[in-house]
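Notes for the one structure printed next.
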Amino acid sequence: MLTKKSYAKVNIFLKIMGKRDNYHELSSRFVRVHSLFDIVSFKKESCTEFTLEGNFGCETKKNTIYKAYLLLKDISAKVEEYFKNHKVIVDKKIPEFAGLGGGSSNAATFMLMVNEECNLGLSKDDLCEIAVKIGADVPFFVYEYDSANVSGIGEKIEKFEEEILDIEVVTPAIMCNTGEIFSAFRDKFYSEFKECEAIKLYKLKSTEILKEHSISEANDLYKPAKSIYKELEKYEKKDWFFSGSGSSFFRINNGKK
Ligand SMILES: C[C@@](CO)(OP(=O)(O)O)[C@H](O)COP(=O)(O)OP(=O)(O)OC[C@H]1O[C@@H](n2ccc(N)nc2=O)[C@H](O)[C@@H]1O
Ligand SMILES: Nc1ncnc2c1ncn2[C@@H]1O[C@H](COP(=O)(O)OP(=O)(O)O)[C@@H](O)[C@H]1O
């Protein structure tokens, strides 16, 4: 059975740069969490329709993996053929609605596996063009970088060279709605981060960035998230930061005893 790890991510910083239709342009450092991943598998089995098994919070038709399947099958008949003889199994470990990109990571991992198995010959850039149609975070996972500077609405990815980070994650049982948090930002906390300031952050190591910023300075979505989910405040602790639209908090343990 073919298997591949589908890692979680955290946002070391996330700054809003502007608006693009009903989306927001952002500057962010995405870092993969090596200790937290789902496992995507393709198991040989004859299937009358696309079959996806896993402990998901949504029906197959809404799953990011299914959305990736629909887009890839339009590119090559080999894909539909392959999934007549294989089913997809996902061993879910990444909590949902956690700001950890679980759904986005699954979609990208699925695309990388299909590209190999069906010999589609798509480049990372080709896959990224498809990925961005599934969700803002999917392109990051296509490139498989450990750390990257991400901009646009998530489609511009630039590898960042730094040591592998030992990231600890805590996810309160609070299901943060990404869209509502962006709307709260837009209505009550809107500001645009300067390009020149973002360029400075892109050059800094993740540990240096977190030394110089508070949890709210590092992530523009934290205050709007807290304005909706007040109980987030209970989890605020020194050296802990907020990932994406939450609810996860994380800290970097490199160099700590
Ligand atoms: C906030 C971030 C930061 O990494 O991560 P998560 O918190 O989801 O992990 C991402 O930008 C989330 O990307 P993703 O999870 O794909 O968001 P989507 O489902 O595409 O969008 C959900 C809703 O959030 C808003 N949205 C999302 C991304 C973005 N750059 N601007 C937005 O305004 C839009 O209203 C959109 O309809
Ligand atoms: N493969 C998937 N894994 C997890 N969640 C998924 C998946 N496909 C669709 N979803 C839906 O995406 C939303 C959560 O997305 P996820 O990426 O896990 O959280 P976040 O965006 O907060 O990191 C939920 O509505 C969930 O039902």
Checklist entry - Of the residues that make up the range 92-106, is at least one away from ligand 1 (no atom under 16 Å from the Cβ) and surrounded by 15 or more Cβ atoms within 10 Å (Cβ to Cβ)? => result no
Item to check | Sole exception among (1) more than 12 Å from ligand 1 (Cβ to nearest atom); (2) open to solvent by 50 Å² or more (accessible area, probe 1.4 Å); (3) in a loop (DSSP other than H, G, I, E, B) for residue 120, by number | outcome: (2)
Checklist entry - Would it be correct to say that residue 161 is of a type in the set (Asp, Glu) and either open to solvent by less than 40 Å² (accessible area, probe 1.4 Å) or free of Cβ contacts under 8 Å to residues at least 40 places away in the same chain (or both)? => result yes
Next on the checklist: assigned to a strand (DSSP E or B) and under 20 Å from the mean Cα position of the chain (by Cα): is that true of residue 11 in this structure?
Outcome noted: yes
Checklist entry - Within the range 36-63, can you find the residues that are touching a strand residue (DSSP E or B) at 6+ places or on another chain (Cβ under 7 Å), touching a residue at least 24 places away in the same chain (Cβ under 8 Å) and either open to solvent by 80 Å² or more (accessible area, probe 1.4 Å) or away from ligand 1 (no atom under 16 Å from the Cβ) (or both)? => result 39, 40, 41, 42, 43, 44, 45, 47, 51, 52, 53, 54
Next on the checklist: I'm trying to understand the selection: among the residues of the range 174-195, which are without any contact (Cβ under 8 Å) to a residue 12 or more places away in the chain and farther than 16 Å from residue 22 by Cα?
Outcome noted: 194
Checklist entry - Any residue at all in the range 70-88 that is of a type outside the set (Asp, Glu) and within 14 Å of the chain's Cα centre (by Cα)? => result no
Checklist outcome for this item: Of the conditions (1) outside the structural domain of residue 108 (by TED's automatic domain parsing); (2) of a type outside the set (S, T, N, Q); (3) open to solvent by 10 Å² or more (accessible area, probe 1.4 Å), the single one that residue 222 does not satisfy is (3)
Item to check | Filter result (within 16 Å of ligand 2 (Cβ to nearest atom) and more than 18 Å from the chain's Cα centre (by Cα)) within the range 33-54 | outcome: 41, 42, 50, 51, 52, 53, 54
Item to check | Failed criterion for residue 126 (all others in (1) without any contact (Cβ under 8 Å) to a residue 60 or more places away in the chain; (2) acidic (Asp, Glu); (3) in contact with a helix residue (DSSP H, G or I) (Cβ under 8 Å, 6 or more places away or on another chain) hold) | outcome: (3)
Next on the checklist: Condition (residue is more than 29 Å from residue 194 (Cα to Cα), in a helix (DSSP H, G or I) and not basic (Lys, Arg)) applied to the range 30-48: is it met by at least one residue?
Outcome noted: no
Checklist outcome for this item: Within the range 2-32, of all residues that are modelled with pLDDT of 95 or more and polar (S, T, N, Q), the one farthest from ligand 2 (Cβ to nearest atom) is 27
Item to check | Those residues of the range 1-35 which are exposed (fewer than 15 other Cβ atoms within 10 Å of the Cβ) and of a type in the set (Gly, Ala, Ser), in sequence order | outcome: 18, 35
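Would you pick out the residues in the range 69-105 that are in a helix (DSSP H, G or I) and more than 11 Å from ligand 2 (Cβ to nearest atom)?
69, 70, 71, 72, 73, 77, 78, 79, 80, 81, 82
The values are calculated or read from the model by the stated rules, or taken from the named source; none is laboratory data. The shown structure was predicted, so the numbers you read here are calculated from the model rather than taken from an experiment. Quick reminder, even Gly has a Cβ in these numbers, built from the backbone with ideal geometry, and neighbours come from all protein chains shown. Only protein heavy atoms, including side chains, enter the accessible area calculation; ligands, DNA and RNA are left aside. Shrake-Rupley method; radii C 1.70, N 1.55, O 1.52, S 1.80 Å.
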